[in-house]
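Working notes, beginning with the structure itself.
Each reported figure results from applying straightforward, stated rules to the coordinates on display, with no laboratory input. Small disclaimer: the values here were computed from a predicted structure and weren't measured. With ideal geometry, Cβ positions are generated from the backbone for all residues, glycine too; neighbour counts draw on all protein chains shown.
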Amino acid sequence: MSKNTFMMIKPDAVERGLVGDILKDITNAGFKIKALKLTQLSLSEAKTFYAIHSERPFFNDLTSYMSRSPVVAAVLEKDNAVSEFRNLIGDTDPSKASEGTIRAKYAISKGENSVHGSDSDENAKIEAEFHFSGREILF
Ligand code: DAT
Ligand code: MG
């Protein structure tokens with residue numbers, strides 16, 4: 001198991017001023033921040049990032065939402081980082097997310113669900129390299 005995962009605080013949460021609260025939840029859960037930036041995806045970048053979902057009915061809504069305003073991107077370190085972070089954020093649908101998870105606390109809907117977390121070590125590496133150059137990540 002890799003020690004790193006990639007995450008984003010999504011537009012709905014950045015817009016509502018939740019960056020500090022969410023980063024605090026993440027560091028309180030034992031994750032170390034290895035890279036961090038505020039950035040905005042173009043529509044075309046959002047389509048590339050979410051290419052795996054391109055045939056899904058929600059793809060246009062997802063990519064326009066993810067590009068509408070800034071996101072915070074981060075690389076996080078913890079043992080079993082990918083699964084530990086997925087546990088911390090909870091189910092994609094906030095109405096199904098366990099109490100105390102980031103999505104249960106902050107998400108608006110299944111579409112506007114406040115945070116992204118990579119789903120595998122392989123995708124964590126691809127997604128981290130999509131957002132960060134080598135010299136932006138602490139090793
Ligand atoms: P997750 O973000 O939990 O990994 P996913 O990879 O299945 O979920 O989907 C990526 C994002 O797409 C998800 O965070 C929100 C959006 N999405 C997924 N399923 C959806 C649905 N049924 N309706 C609307 N948006 C959806
Ligand atoms: Mg996913």
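Side notes on the structure shown:
- Picking from residues in the stretch 26-44 that are over 19 Å from residue 136 (Cα atoms) and touching a Ser or Thr at 6+ places or on another chain (Cβ under 9 Å), the one that is surrounded by the most Cβ atoms within 10 Å (Cβ to Cβ) is 43.
- All positions within the stretch 25-54 that are within 16 Å of the chain's Cα centre (by Cα), more than 16 Å from ligand 2 (Cβ to nearest atom) and hydrophobic (A, V, I, L, M, F, W, C): 26, 29, 31, 33, 35, 36, 38
- One residue stands out in the stretch 88-109 among those that are surrounded by 15 or more Cβ atoms within 10 Å (Cβ to Cβ), under 20 Å from residue 61 (Cα atoms) and within 13 Å of ligand 2 (Cβ to nearest atom): the one that is nearest to the chain's Cα centre (by Cα), namely 103.
- At least 1 residues being touching a residue at least 24 places away in the same chain (Cβ under 8 Å) and touching a Phe, Trp or Tyr at 6+ places or on another chain (Cβ under 9 Å) is the threshold, and among the helices (runs of 4 or more DSSP H) wholly inside the stretch 75-139 those reaching it are 81-89, 121-131.
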